Amino acid sequence: MIREAEDRWGTALPEEHGGFFLRVGDHVLRMAGALAAAERTVINGTHLEAAWSLARRAVRDTCCLVAMDRDTVDQIIEDVDDTLRVMSMSEDQASPLLSNNPERHTPSGDTDRSRSQNSENAARKLKQWYQDSCQIYATTLVLPSPRHHYSEAAHIRAREHGGPDLTENLLCLCPNCHVLFDAGAYVLTDDLGVVDTVTHRLQAELKRHQWHYINPDHVRHHRTSRNPAPLSRGRQ
(Lines give C-alpha, C1' and ligand atoms only; values in the text may rest on other atoms or scores of the structure.)
Protein backbone atom coordinates (compact mmCIF):
# COMPACT_ATOMS: atom_id res chain seq x y z
CA MET A 1 0.00 0.00 0.00
CA ILE A 2 2.92 2.39 0.74
CA ARG A 3 4.54 1.43 -2.56
CA GLU A 4 1.33 2.30 -4.42
CA ALA A 5 1.22 5.68 -2.69
CA GLU A 6 4.86 6.28 -3.65
CA ASP A 7 4.08 5.55 -7.30
CA ARG A 8 1.32 8.15 -7.24
CA TRP A 9 2.94 10.80 -5.03
CA GLY A 10 6.70 10.34 -5.31
CA THR A 11 7.15 13.16 -7.82
CA ALA A 12 5.21 15.58 -5.61
CA LEU A 13 7.94 15.57 -2.96
CA PRO A 14 11.18 17.59 -3.19
CA GLU A 15 14.41 15.66 -3.56
CA GLU A 16 15.40 16.13 0.09
CA HIS A 17 12.29 14.20 1.16
CA GLY A 18 12.87 11.32 -1.24
CA GLY A 19 13.22 8.81 1.61
CA PHE A 20 9.77 9.58 3.03
CA PHE A 21 8.00 6.51 1.67
CA LEU A 22 10.88 4.17 2.48
CA ARG A 23 10.96 5.31 6.11
CA VAL A 24 7.19 5.22 6.60
CA GLY A 25 6.92 1.79 4.96
CA ASP A 26 9.70 0.47 7.18
CA HIS A 27 7.97 1.77 10.33
CA VAL A 28 4.63 0.25 9.33
CA LEU A 29 6.22 -3.13 8.63
CA ARG A 30 8.18 -3.11 11.90
CA MET A 31 5.11 -2.24 13.98
CA ALA A 32 2.95 -4.82 12.19
CA GLY A 33 5.65 -7.42 12.83
CA ALA A 34 5.77 -6.54 16.52
CA LEU A 35 1.99 -6.86 16.82
CA ALA A 36 2.02 -10.21 15.05
CA ALA A 37 4.87 -11.46 17.24
CA ALA A 38 2.93 -10.51 20.37
CA GLU A 39 0.05 -12.68 19.16
CA ARG A 40 2.40 -15.42 17.94
CA THR A 41 0.95 -15.35 14.45
CA VAL A 42 1.84 -14.12 10.96
CA ILE A 43 1.25 -10.53 9.86
CA ASN A 44 -2.32 -10.02 8.66
CA GLY A 45 -4.59 -7.15 7.69
CA THR A 46 -5.45 -6.29 11.30
CA HIS A 47 -1.77 -5.80 12.16
CA LEU A 48 -1.16 -3.66 9.08
CA GLU A 49 -4.19 -1.49 9.79
CA ALA A 50 -3.15 -0.96 13.40
CA ALA A 51 0.45 -0.20 12.39
CA TRP A 52 -0.69 2.29 9.75
CA SER A 53 -2.96 3.99 12.30
CA LEU A 54 0.08 4.57 14.53
CA ALA A 55 2.32 5.63 11.64
CA ARG A 56 -0.16 8.11 10.16
CA ARG A 57 -0.47 9.87 13.52
CA ALA A 58 3.31 9.98 13.90
CA VAL A 59 3.72 11.43 10.40
CA ARG A 60 1.20 14.18 11.06
CA ASP A 61 2.83 15.02 14.38
CA THR A 62 6.24 15.14 12.72
CA CYS A 63 4.95 17.60 10.13
CA CYS A 64 4.50 20.12 12.92
CA LEU A 65 8.30 20.11 13.38
CA VAL A 66 9.57 20.06 9.79
CA ALA A 67 9.04 22.07 6.63
CA MET A 68 7.29 19.33 4.66
CA ASP A 69 4.04 20.50 3.08
CA ARG A 70 1.13 19.44 5.32
CA ASP A 71 -1.47 19.41 2.53
CA THR A 72 0.59 16.96 0.50
CA VAL A 73 1.05 14.68 3.51
CA ASP A 74 -2.68 14.74 4.26
CA GLN A 75 -3.49 13.79 0.66
CA ILE A 76 -1.02 10.90 0.78
CA ILE A 77 -2.49 9.65 4.07
CA GLU A 78 -6.02 9.80 2.65
CA ASP A 79 -4.79 7.91 -0.43
CA VAL A 80 -3.43 5.06 1.72
CA ASP A 81 -6.63 5.05 3.78
CA ASP A 82 -8.65 4.62 0.59
CA THR A 83 -6.37 1.81 -0.55
CA LEU A 84 -6.92 -0.06 2.73
CA ARG A 85 -10.67 0.38 2.44
CA VAL A 86 -10.64 -1.06 -1.07
CA MET A 87 -8.47 -3.99 0.08
CA SER A 88 -10.75 -4.88 2.98
CA MET A 89 -14.00 -4.43 1.06
CA SER A 90 -12.68 -6.46 -1.89
CA GLU A 91 -12.31 -9.35 0.57
CA ASP A 92 -15.98 -8.83 1.50
CA GLN A 93 -15.00 -7.73 4.99
CA ALA A 94 -16.20 -4.80 7.06
CA SER A 95 -13.37 -2.27 6.95
CA PRO A 96 -11.56 -1.87 10.29
CA LEU A 97 -10.93 1.77 9.36
CA LEU A 98 -14.58 2.74 9.63
CA SER A 99 -15.05 2.59 13.41
CA ASN A 100 -13.31 2.35 16.78
CA ASN A 101 -11.05 5.25 15.77
CA PRO A 102 -8.97 6.13 18.86
CA GLU A 103 -8.39 9.65 17.53
CA ARG A 104 -12.09 10.53 17.51
CA HIS A 105 -12.87 13.43 19.83
CA THR A 106 -15.99 13.25 22.00
CA PRO A 107 -17.52 16.75 22.31
CA SER A 108 -18.13 17.98 25.84
CA GLY A 109 -21.69 17.37 27.01
CA ASP A 110 -22.40 14.85 24.26
CA THR A 111 -20.92 11.75 25.94
CA ASP A 112 -24.06 9.60 26.12
CA ARG A 113 -25.06 10.17 22.51
CA SER A 114 -21.51 9.62 21.27
CA ARG A 115 -21.16 6.40 23.27
CA SER A 116 -24.48 5.15 21.90
CA GLN A 117 -23.29 5.85 18.36
CA ASN A 118 -19.93 4.16 18.99
CA SER A 119 -21.73 1.12 20.42
CA GLU A 120 -23.99 0.87 17.37
CA ASN A 121 -21.04 1.18 15.00
CA ALA A 122 -19.03 -1.51 16.80
CA ALA A 123 -22.02 -3.88 17.00
CA ARG A 124 -22.83 -3.36 13.33
CA LYS A 125 -19.27 -4.11 12.27
CA LEU A 126 -19.10 -7.19 14.52
CA LYS A 127 -22.35 -8.65 13.14
CA GLN A 128 -21.16 -7.93 9.60
CA TRP A 129 -17.97 -9.90 10.22
CA TYR A 130 -19.89 -12.94 11.48
CA GLN A 131 -22.96 -12.47 9.28
CA ASP A 132 -25.08 -12.78 12.45
CA SER A 133 -23.70 -16.25 13.23
CA CYS A 134 -23.22 -17.09 16.92
CA GLN A 135 -19.53 -17.30 17.85
CA ILE A 136 -20.17 -20.20 20.20
CA TYR A 137 -22.38 -22.59 18.25
CA ALA A 138 -22.33 -21.00 14.76
CA THR A 139 -26.13 -20.88 14.72
CA THR A 140 -27.90 -18.21 12.68
CA LEU A 141 -31.44 -17.11 13.50
CA VAL A 142 -33.64 -16.23 10.51
CA LEU A 143 -36.74 -14.15 11.23
CA PRO A 144 -39.69 -13.44 8.89
CA SER A 145 -41.54 -10.25 7.84
CA PRO A 146 -39.22 -9.05 6.45
CA ARG A 147 -36.89 -12.02 6.31
CA HIS A 148 -33.63 -11.20 8.08
CA HIS A 149 -30.90 -12.62 10.30
CA TYR A 150 -30.77 -11.78 14.00
CA SER A 151 -27.90 -11.77 16.48
CA GLU A 152 -26.87 -9.79 19.56
CA ALA A 153 -23.64 -8.01 20.51
CA ALA A 154 -22.62 -9.14 24.00
CA HIS A 155 -20.16 -7.18 26.13
CA ILE A 156 -17.37 -9.31 27.58
CA ARG A 157 -16.51 -6.84 30.36
CA ALA A 158 -19.88 -5.41 31.34
CA ARG A 159 -20.56 -1.73 30.82
CA GLU A 160 -21.16 -1.23 34.53
CA HIS A 161 -17.63 -2.54 35.11
CA GLY A 162 -16.14 -0.07 32.66
CA GLY A 163 -16.34 -2.26 29.57
CA PRO A 164 -15.78 -0.23 26.37
CA ASP A 165 -18.03 -0.26 23.32
CA LEU A 166 -15.29 -1.68 21.09
CA THR A 167 -15.15 -4.89 19.07
CA GLU A 168 -12.32 -6.11 21.33
CA ASN A 169 -14.92 -6.24 24.13
CA LEU A 170 -17.84 -7.65 22.12
CA LEU A 171 -19.02 -11.08 20.99
CA CYS A 172 -21.61 -11.88 18.32
CA LEU A 173 -24.01 -14.30 20.01
CA CYS A 174 -27.47 -15.76 19.64
CA PRO A 175 -29.95 -14.62 22.36
CA ASN A 176 -29.65 -17.87 24.36
CA CYS A 177 -25.86 -17.74 24.50
CA HIS A 178 -25.99 -14.02 25.30
CA VAL A 179 -28.11 -14.68 28.41
CA LEU A 180 -25.90 -17.59 29.49
CA PHE A 181 -22.73 -15.54 28.95
CA ASP A 182 -24.03 -12.49 30.85
CA ALA A 183 -25.13 -14.71 33.74
CA GLY A 184 -21.73 -16.41 33.96
CA ALA A 185 -23.04 -19.84 32.94
CA TYR A 186 -20.58 -19.59 30.04
CA VAL A 187 -17.09 -18.16 30.49
CA LEU A 188 -14.05 -18.02 28.23
CA THR A 189 -10.63 -19.48 28.89
CA ASP A 190 -7.53 -17.52 27.96
CA ASP A 191 -7.28 -19.49 24.71
CA LEU A 192 -10.97 -18.76 23.97
CA GLY A 193 -12.52 -22.06 24.90
CA VAL A 194 -16.14 -21.82 26.08
CA VAL A 195 -16.68 -23.52 29.44
CA ASP A 196 -20.06 -24.29 31.02
CA THR A 197 -19.62 -23.33 34.69
CA VAL A 198 -22.57 -25.52 35.73
CA THR A 199 -21.23 -28.76 34.26
CA HIS A 200 -17.56 -27.64 34.19
CA ARG A 201 -17.32 -28.96 30.65
CA LEU A 202 -15.76 -27.41 27.61
CA GLN A 203 -18.69 -26.61 25.33
CA ALA A 204 -16.96 -25.27 22.23
CA GLU A 205 -14.05 -23.30 20.85
CA LEU A 206 -15.05 -19.69 20.26
CA LYS A 207 -15.22 -18.82 16.56
CA ARG A 208 -13.08 -15.79 15.76
CA HIS A 209 -13.01 -13.77 12.55
CA GLN A 210 -9.59 -12.76 11.22
CA TRP A 211 -10.27 -9.06 11.94
CA HIS A 212 -11.63 -9.69 15.44
CA TYR A 213 -9.09 -9.02 18.18
CA ILE A 214 -10.44 -9.99 21.63
CA ASN A 215 -8.79 -8.28 24.59
CA PRO A 216 -7.63 -10.98 27.05
CA ASP A 217 -7.98 -8.58 30.00
CA HIS A 218 -11.74 -8.32 29.35
CA VAL A 219 -11.94 -12.12 29.06
CA ARG A 220 -10.26 -12.59 32.45
CA HIS A 221 -12.37 -9.90 34.07
CA HIS A 222 -15.59 -11.56 32.87
CA ARG A 223 -14.41 -14.98 34.03
CA THR A 224 -13.43 -13.87 37.54
CA SER A 225 -16.35 -11.50 38.10
CA ARG A 226 -19.00 -13.96 36.92
CA ASN A 227 -17.39 -17.14 38.22
CA PRO A 228 -14.86 -16.53 41.03
CA ALA A 229 -14.15 -20.25 41.49
CA PRO A 230 -11.17 -21.44 39.39
CA LEU A 231 -11.90 -23.60 36.37
CA SER A 232 -10.99 -27.24 36.70
CA ARG A 233 -10.11 -28.04 33.10
CA GLY A 234 -6.61 -26.57 33.05
CA ARG A 235 -7.53 -24.09 30.32
CA GLN A 236 -7.49 -20.79 32.21
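The values are calculated or read from the model by the stated rules, or taken from the named source; none is laboratory data. All values derive from a computational prediction rather than experimental measurement. When we count neighbours, we look across all protein chains shown, and the Cβ atoms used for this are built from the backbone with ideal geometry, even at glycine. The protein model used for the area step is the full one, side chains on, heavy atoms only, and it has no ligands, DNA or RNA in it. Shrake-Rupley method; radii C 1.70, N 1.55, O 1.52, S 1.80 Å.
What the table shows:
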| quantity | calculated |
| --- | --- |
| Mean Cβ count within 10 Å, highest first, over the residues of peptides 145-152, 43-50, 165-172 | 165-172, 43-50, 145-152 |
| Contour excess over end-to-end distance, with Cα ends at Ala183 and Thr139 and 0.36 nm allotted per residue | 13.8 nm |
| Percent accessible area from carbon and sulfur atoms, region 156-203, protein chains only, probe 1.4 Å | 51 |
| Accessible surface ranking that places the most exposed of Phe20, Phe181 first, with a 1.4 angstrom probe | Phe20, Phe181 |
| Inter-label distance for Ala12 and Val198, nm, one decimal - labels placed 7 Å from Cα along Cα-to-Cβ | 6.0 |
| Calculated FRET efficiency for the pair Asp79/Arg30, C-beta based, R₀ 35 Å, to 0.05 | 0.95 |
| For Thr139, residues with placed amide H under 5 Å, excluding near neighbours | Cys134 |
| Accessible area of Lys127 in the full protein assembly, 1.4 Å probe (Å², nearest 10) | 60 |
